[in-house]
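J.: Before anything else, here's the structure in question.
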Amino acid sequence: MTQDPDCPPSTRTSDRTRPDHTRGPDHTRGTAPPGPHALAVVALLVCCLVTACGGSGRSDPATTDPEPLPSPTSATQEISEKNLGYTWPLTVDHGTAECRGDNEAVFTAPDGTTYALNDRARDAGYLSIEPLRAAGDDGDPISLGSLLTKTLKLCKAAG
């Protein structure tokens, strides 16, 4: 059976029997690389997903003008609500952030109890940080993102 030469390659009998990954470049006909609008939509979705992982923060934090942390020089650093402002995710106002073992991010509260900030630390047996999580204005727990990011930088400093 002879195929019409004007027929798109993806509908030819010989192409229909081959898996998509073995077809030539014609199988992408009609598609273009994502434009700026598509990239903006993706960025918006990522932003929504990130904020969905935690609450929105506090609208009235004790610190409205956070003090930057010094650059890390070791695997341990004192950190407080004064450093993160409205993104401070805990009910205690300060403690020690630390990178231990294999990128195990932990937080030690003022009472000396050490809590896991990431899965590696949880898997290593550290307590869940959930009892110390503060609620944002929307009632959801405030994201650990800013505290975790600062703590993981300690892993790089120690490495």
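J.: Tell me the carbon and sulfur percent of the accessible area for region 99-159, rounded to whole percent, probe radius 1.4 Å.
T.: Ligands and nucleic acids excluded, carbon and sulfur give 46 percent.
J.: Using per-residue counts of other Cβ atoms within 10 Å, averaged over each peptide, order 134-142, 147-155 from highest down.
T.: Averaged packing, sorted descending, gives the order 147-155, 134-142.
J.: What is the packing order of peptides 85-92, 72-79, taking the mean over residues of other C-beta atoms within 10 Å and listing the highest first?
T.: 85-92, 72-79
J.: Compute the length gained on full extension between Ala135 and Thr73: take 0.36 nm times their separation in residues and subtract their Cα-Cα distance, giving the result in nm to one decimal.
T.: Gain on stretching Ala135 to Thr73: 19.2 nm.
J.: Another question about this same structure. What are the ³J(HN,Hα) values, in whole Hz, obtained from phi via the Karplus relation 6.51 cos²θ - 1.76 cosθ + 1.60 with θ = phi - 60°, for each residue of region 142-156 in sequence order, with x given for Gly and Pro?
T.: 5, 4, 7, x, 5, 5, 5, 4, 4, 5, 5, 5, 5, 4, 5
J.: Each residue of region 119-136 in turn: what ³J(HN,Hα) in whole Hz from Karplus with 6.51, -1.76, 1.60 and θ = phi - 60°, glycine and Pro shown as x?
T.: 4, 4, 5, 4, 5, 7, x, 6, 5, 5, 6, 3, x, 9, 5, 8, 9, x
J.: Provide the FRET efficiency to the nearest 0.05 for the Asp123-Lys156 pair, computing r from the beta carbons and using R0 = 22 Å.
T.: 0.60
J.: Suppose every K and R has +1 on its Cβ and every D and E has -1 on its Cβ; what is the size of the dipole of region 68-159 about the Cα centre, in Debye to the nearest 20?
T.: With only Lys, Arg, Asp and Glu charged at Cβ, the dipole is about 360 debye.
J.: Could you check the simple spin-label distance between His94 and Lys82, using points 7 Å along Cα→Cβ, in nm with one decimal?
T.: About 0.6 nm, to one decimal.
J.: Next up: Please list Ser71, Ser128 in order of solvent-accessible area, largest first, computed with a 1.4 Å probe with all protein chains present.
T.: Ser71, Ser128
The values are calculated or read from the model by the stated rules, or taken from the named source; none is laboratory data. Quick caveat: nothing in here was measured; it's all calculated off a predicted structure. FYI the Cβ positions are ideal-geometry reconstructions off the backbone, even for glycines, and counts take in every protein chain you see. Note: accessible area is taken over every heavy atom of the protein model, side chains too, but ligands, DNA and RNA are not part of it. Shrake-Rupley method; radii C 1.70, N 1.55, O 1.52, S 1.80 Å.
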